[in-house]
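To keep things clear, I will list the structure first and then write my remarks on it.
The values are calculated or read from the model by the stated rules, or taken from the named source; none is laboratory data. Computed from a predicted structure; not experimentally measured. In this analysis, Cβ positions are derived from the backbone assuming ideal geometry, glycine residues included, and neighbour counts consider all displayed protein chains. Ligands, DNA and RNA are stripped out before the accessible areas are found, and what is left, the full protein with its side chains, is counted by its heavy atoms. Shrake-Rupley method; radii C 1.70, N 1.55, O 1.52, S 1.80 Å.
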Amino acid sequence: VRGQAGRAAAWRLDVQDPALGGPAASATLRDASALRARLESLARLKWLTVLSELARDSRYDGLDVQLEAWAGERLLRSADAREALGAGVLPLRTGERAVLWVRNSSSQSVDLIVTGLDAQGVVRPVYPQDGRESNRFERGSPDSPTAKRFDLPWLATPHARLLVVATPAPAFGAPRLFGLRPDDGLGLQLRVRGQTRPSARPAYAALVHAP
């Protein structure tokens, strides 16, 4: 980061990390406040990327995360988000759009984060959209899964990224935003007296790079 003096003072942010968009995500920001907001967004995205790597090989029975390619009202291609590139869902062709479906058929609620980075390096919150909203995704069943649908228009551009992270919601615990905001309640989980230490929980993570 470097300052630019002159009549229109500004800050220049040069991004080198490919996981954060690389040089294409570099930008000139009008003031220190805008710079701080962009740095905070990139830091949170970097942290979520680390989490996705930690959970990359985990299994989460009952959680189905599908990335779809649509043209008009026609579904053209669909695959688990972790397999979207290999299955040919991406890249999108002219006139196509990306849609993400998350379905929970487990008997437990889920703490879910869906976010992205567009080709200009701007962080795109998807779920929750507002930093003050809960990211708790209610439980479903095999016969009646709960479902959420998200349109991802920015994923049509080359070098955009989509990140999905999910874990079972802790019993009697506050929603976990995985560090998406400073006061996300990571330390506010409640435990029933006498409850044994929980075992390792399943997790789902996908980091999708649009070619």
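Every residue in region 17-43 that is open to solvent by 70 Å² or more (accessible area, probe 1.4 Å) and of a type outside the set (Ser, Thr, Tyr), please.
If we filter region 17-43 for residues that are open to solvent by 70 Å² or more (accessible area, probe 1.4 Å), which is where we start, we get 18, 23, 28, 30, 36, 39-40.
Within region 17-43, PRO18, PRO23, ARG30, ARG36, LEU39, GLU40 qualify.
Within region 23-34, is there a residue that is in a loop (DSSP other than H, G, I, E, B) and touching a residue at least 24 places away in the same chain (Cβ under 8 Å)? There is at least one residue in region 23-34 that is in a loop (DSSP other than H, G, I, E, B) and touching a residue at least 24 places away in the same chain (Cβ under 8 Å).
At least 1 residues that are modelled with pLDDT of 95 or more and of a type in the set (Phe, Trp, Tyr) in each: list the strands (runs of 3 or more DSSP E) lying fully within region 89-130 that qualify. Quick ask: steps written out before the conclusion?
Details: elements: 97-104, 110-117, 123-127.
Once the strands (runs of 3 or more DSSP E) in region 89-130 are filtered for at least 1 residues that are modelled with pLDDT of 95 or more and of a type in the set (Phe, Trp, Tyr), what remains is 97-104.
So, in region 150-166, how many residues would count as being among the β-branched types (Val, Ile, Thr) and either open to solvent by 20 Å² or more (accessible area, probe 1.4 Å) or within 11 Å of GLN120 (Cα to Cα) (or both)? Let's see the steps before the verdict.
From region 150-166, those among the β-branched types (Val, Ile, Thr) are 157, 164-165; that's our starting set.
Narrowing the set further to residues that are either open to solvent by 20 Å² or more (accessible area, probe 1.4 Å) or within 11 Å of GLN120 (Cα to Cα) (or both) leaves 157.
Matching residues across region 150-166 total 1.
Restricting to region 56-71, name every residue that is outside any loop (DSSP other than H, G, I, E, B) and either open to solvent by 20 Å² or more (accessible area, probe 1.4 Å) or in contact with a Phe, Trp or Tyr (Cβ under 9 Å, 6 or more places away or on another chain) (or both). If the condition is that a residue be outside any loop (DSSP other than H, G, I, E, B) and either open to solvent by 20 Å² or more (accessible area, probe 1.4 Å) or in contact with a Phe, Trp or Tyr (Cβ under 9 Å, 6 or more places away or on another chain) (or both), then LEU63, ASP64, VAL65, GLN66, LEU67, GLU68, TRP70, ALA71 are the ones that fit.
Looking at this structure, is LEU92 of a type in the set (A, V, I, L, M) and open to solvent by 60 Å² or more (accessible area, probe 1.4 Å)? Here the answer is no, as LEU92 does not meet what is asked.
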